[in-house]
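Take a look at the structure below.
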Amino acid sequence: MPRESAGTPLNTALSAHVLDEIKELPAKYPQPRSAVMPALDLAQEELGHLTPEAMTEVAEALQLDPGYVEGVATFYSLFHLEPVGRHRFYVCTNLSCMLRGANEIVDHVKRSIGVERADQVSADGLFSFEEVECLGACEFAPMMRLDHRFHYDLTAERIDALIAQRRSSLPPLTPALSPEGEREIAKPKRETAKPKGEREAATPKKVTAERPRAPRKKKAADG
Ligand code: FES
């Protein structure tokens with residue numbers, strides 16, 4: 001399908017509106033080169049993974065050297081150069097999560113989506129997974145990121161529910177601190193990418209109990 005907008009050629013890998021969005025990014029950063037990661041993120045969000053054509057178009061849109069853009073894309077593991085599932089599990093298997101059952105969570109994910117290795121995609125094209133290093137939420141181990149959300153205190157049942165939800169195309173669970181101890185947070189995302197009415201939660205703040213203050217001693221009466 002032709003993709004056209006003002007100043008954007010036909011038959012590009014990326015849609016015209018994504019290319020337009022990428023072209024606006026450099027103005028938001030002190031160094032235009034800093035726009036390369038959000039630009040690649042936009043491209044990946046649209047295509048699922050970064051093709052050589054998409055990286056070339058990102059470089060042209062940002063007026064950067066294609067080699068530099070490709071270097072960034074190949075350096076960071078969050079960018080995928082091969083097809084991945086539409087929903088990707090990033091399961092933390094670092095120390096705290098491992099001690100609290102992360103390996104069993106990985107095994108359960110693999111069994112549930114029907115893959116054996118991280119470079120495989122489920123038969124329906126919906127899921128893939130990878131093991132990642134600490135995601136900075138060790139106190140809620142075992143935890144993972146699924147798409148753009150963090151999921152904490154994982155259990156096999158929780159994984160099953162998330163998979164069923166994605167398979168049935170139901171809207172994602174409301175990010176919140178539930179009474180049952182379920183916690184979800186989200187990486188801040190562009191407002192335009194969210195389904196109507198859905199808001200992603202910020203990192204839950206720790207609630208610290210206020211210490212009761214000791215009553216002040218009355219000053220002895222003068223004289
Ligand atoms: S070890 Fe898993 S979040 Fe830190």
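Just so you know, all these numbers are worked out from the coordinates, no wet-lab data involved. Quick caveat, the model's predicted, so the values are computed rather than measured. No Cβ is skipped: glycine too gets one built from the backbone with ideal geometry, and neighbour counts run over all protein chains shown.
For region 16-75, the Cβ-based charge dipole about the Cα centre amounts to some 260 debye (Lys, Arg positive; Asp, Glu negative; other atoms uncharged).
Note that region 80-90 has calculated 3J(HN,Hα) couplings of 10, 9, 10, x, 10, x, 4, 10, 10, 8, 10 Hz, one per residue in order, obtained from phi through the Karplus relation 6.51 cos²θ - 1.76 cosθ + 1.60 (θ = phi - 60°); glycine and proline are x. Relative protection proxy for 97-104, 74-81, from highest mean packing down: 97-104, 74-81 (other beta-carbon atoms within 10 angstrom).
The amide H of PHE150, built 1.01 Å from its N in the peptide plane, has ILE185, ALA186, LYS187 as neighbours under 5 Å, considering only residues 5 or more places off or on other chains.
Annotation: amide H of PHE127 within the under-5 Å range of ARG86, HIS87, SER122, sequence separation 5 or more or interchain, hydrogens built in the peptide plane. Using a simple spin-label model with pseudo-atoms 7 Å out from Cα toward Cβ, ASN11 and ARG111 lie 5.0 nm apart.
Inter-label distance, ALA118 to GLU53: 2.9 nm, where each label sits 7 Å from its Cα along the C-beta direction. Putting +1 on Lys and Arg Cβ atoms and -1 on Asp and Glu Cβ atoms, find which of HIS49, ALA61, VAL72 reaches farthest to the positive end of the dipole of region 47-95. Going by the charge dipole, the pick is HIS49.
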